[in-house]
Amino acid sequence: MAELQPISAALKALLADVSLVGTESVPLDAAAGRVLAEAVTAQLDVPPFDNSAMDGYALRANDAGKWLPISQRIAAGSPAVPLAEGSCARIFTGGEIPPGADCVVMQERVEVADHQALMPTDIPSGDNIRLQGRDVRRGQPLLAAGERLEAAALGHMAGQGVTVVSVRRRPRVALLSTGDEIIDPGTPLKPGQLYNSNRPMLKRLLETFGAEVVQLVSVPDDFGQTVALLTNAAADADVVVSTGGVSVGEEDHVKAALESLGQLDMWKLAIRPGKPLALGRLPREDGSEARFVGLPGNPVSGFVGAWLFLRPLMGALLGCATLSALPTLTASANFTTQTGPRQHYMRVVLRFSEAGIIADAFEDQNSGVLSSCISADALAVIDPHQQVDKGTLIRCLWLQR
């Protein structure tokens, strides 16, 4: 019997010699979730001028404690003129600070009568002014290549007036479901058949990891058809993902088909769930290769395998560090378990308290119980041959998309 391999060896094989996917330009309003291909440098100061942090009155600090005539009114978006000596300006949040003023007093602290305002006595210079360039200075790095464009990053670029951005194209993925017993929802079940729960689950995970799923293919239990469908998938995709068919049964043809076409790097791992997992490469006619990940057919194994292998693979293809590794948390186990020779990835819910993070494990950790994945916040990593009692500190991989 072949020796079970650690997950670190599998990841090394999977990610070896990965080349970045190409680039494309997209409108900023269509760039959510995409990965920057090039670093962006600020072209503008943000804010572009000194402005008021609140509704109030702009004045010179040395005029504190005086009655001052209100010489102008400055709304956000309106230009300011130099402040007349011995006067103040009515100003609103975001309004431009008039030349000559060096502070703003909030309106609640000011008494107003007959177009004059009585200022409080304690007004420090610079109070309530957002200085030009406080957030960003022109010429400084704005965002690095590899940044995933989520809400704040999109806003950051919009603040520079950016309308088009260079991003990595989405890795193209072909998703193959193997087995005559697996059928699509909407078709009446016959004895021995199961609905395909892996396909929509993995498609959604792949998309949240930054991929574009370009093929959804059902693969029958036939060696010749398996070879043909793998060949077609490799021609169209950067990554070919299959579910099922990577074990040692007589009807499991993916492993043999992959070996006949290309390279099989590894296929038995010391993890639970997910021991039967194939990693390899499929050649194309032009001499290039598509990466192959063969996940087990059990839905929990597919779910865990997607987080452990597909997410970092998408990160490597996109050059995105945040996708390459899941955040790690230390939690206190609120369960007991004992592992054998395989590393166990248990589905847990995390509770954050003053005493620290507590991990509650789902009672049924069987690889066919997909309900344990719906509310799971993390995967608790339990090393081989370990006894975990309540209160034991454990490492958890936080499932962040």
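Can you compute the charge dipole magnitude of the chain about its Cα centre, using +1 on each Lys and Arg Cβ and -1 on each Asp and Glu Cβ, nothing else charged? Give it in debye, rounded to the nearest 20.
Rounded to the nearest 20 debye, it is 300 debye.
List the trypsin sites (Lys or Arg not before Pro) in the stretch 40-86 that DSSP assigns to loop (not H, G, I, E or B) and whose Cβ has at most 16 other Cβ atoms within 10 Å. Which are they?
LYS66
Taking every DSSP beta bridge with both residues inside the chain, roughly what % is antiparallel (nearest 5)?
Percentage antiparallel, nearest 5: 65.
Using the Karplus curve 6.51 cos²θ - 1.76 cosθ + 1.60 with θ = phi - 60°, work out ³J(HN,Hα) for each residue of the stretch 34-42 in order, rounded to whole Hz, and write x for Gly and Pro.
Calculated HN-Hα couplings, in order: 7, 10, 4, 8, 9, 5, 10, 9, 5 Hz.
Fully extended, how many nm does the chain gain between THR339 and PHE49 (0.36 nm per residue separation, minus their Cα-Cα distance)?
98.2 nm
How far apart, in nanometres, would the label points at ALA30 and ILE374 be if each is projected 7 angstrom from Cα along the Cα-to-Cβ direction?
Calculated label separation equals 3.6 nm.
Is the shape of the stretch 188-309 rounded, prolate or oblate, going by the alpha carbon gyration tensor and its root eigenvalues a ≥ b ≥ c, with a/c under 1.5 for rounded and a/b larger than b/c for prolate?
Cα axes put the stretch 188-309 in the rounded bin.
Of all the accessible heavy-atom surface of the stretch 33-101, with the other protein chains kept in place and a 1.4 Å probe, what percent is carbon and sulfur?
55 percent
Over all directions, what mean area does the Cα convex hull of the chain project, stated in square nanometres?
27.4 nm²
Give a residue-ordered list of calculated ³J(HN,Hα) values for the stretch 111-128 (Karplus: 6.51 cos²θ - 1.76 cosθ + 1.60, θ = phi - 60°; whole Hz; x for Gly, Pro).
Here the 3J(HN,Hα) series is 9, 10, 7, 6, 6, 10, 10, 8, 8, x, 8, 9, 10, x, 4, x, 5, 6 Hz.
Please report how many Lys pairs in the chain have alpha carbons closer than 17 angstrom, counting only residues at least 8 apart along the chain or sitting on separate chains.
Step by step, the pairs that qualify in the chain add up to 4.
Along the stretch 270-281, what does the Karplus equation 6.51 cos²θ - 1.76 cosθ + 1.60 (θ = phi - 60°) give for ³J(HN,Hα), rounded to whole Hz, x for Gly and Pro?
For the stretch 270-281, the Karplus-derived couplings read 8, 10, 9, x, x, 4, x, 9, 9, 10, x, 9 Hz, x marking Gly and Pro.
Ordering GLU285, GLU108 by accessible area with a probe of 1.4 Å, largest first, what comes out?
Ranking GLU285, GLU108 by accessible area, largest first, yields GLU285, GLU108.
Give me the accessible area per residue for the stretch 150-199, probe 1.4 Å, as a whole number in Å².
Per-residue value: 51 Å².
Could you check which residue among GLY274, GLY22, GLY287 shows the biggest mean-square fluctuation in a GNM of the chain with a 10 Å Cα cutoff?
Maximum fluctuation in the GNM of the chain, among the listed residues, is at GLY287.
The values are calculated or read from the model by the stated rules, or taken from the named source; none is laboratory data. What you are looking at is a predicted structure, and each value in this text was computed from that prediction instead of being measured. As a convention, Cβ positions derive from the backbone with ideal geometry for all residues, glycine included, and neighbour counts pool all protein chains shown. Surface accessibility is based on the protein's heavy atoms, side chains included, excluding ligands, DNA and RNA. Shrake-Rupley method; radii C 1.70, N 1.55, O 1.52, S 1.80 Å.
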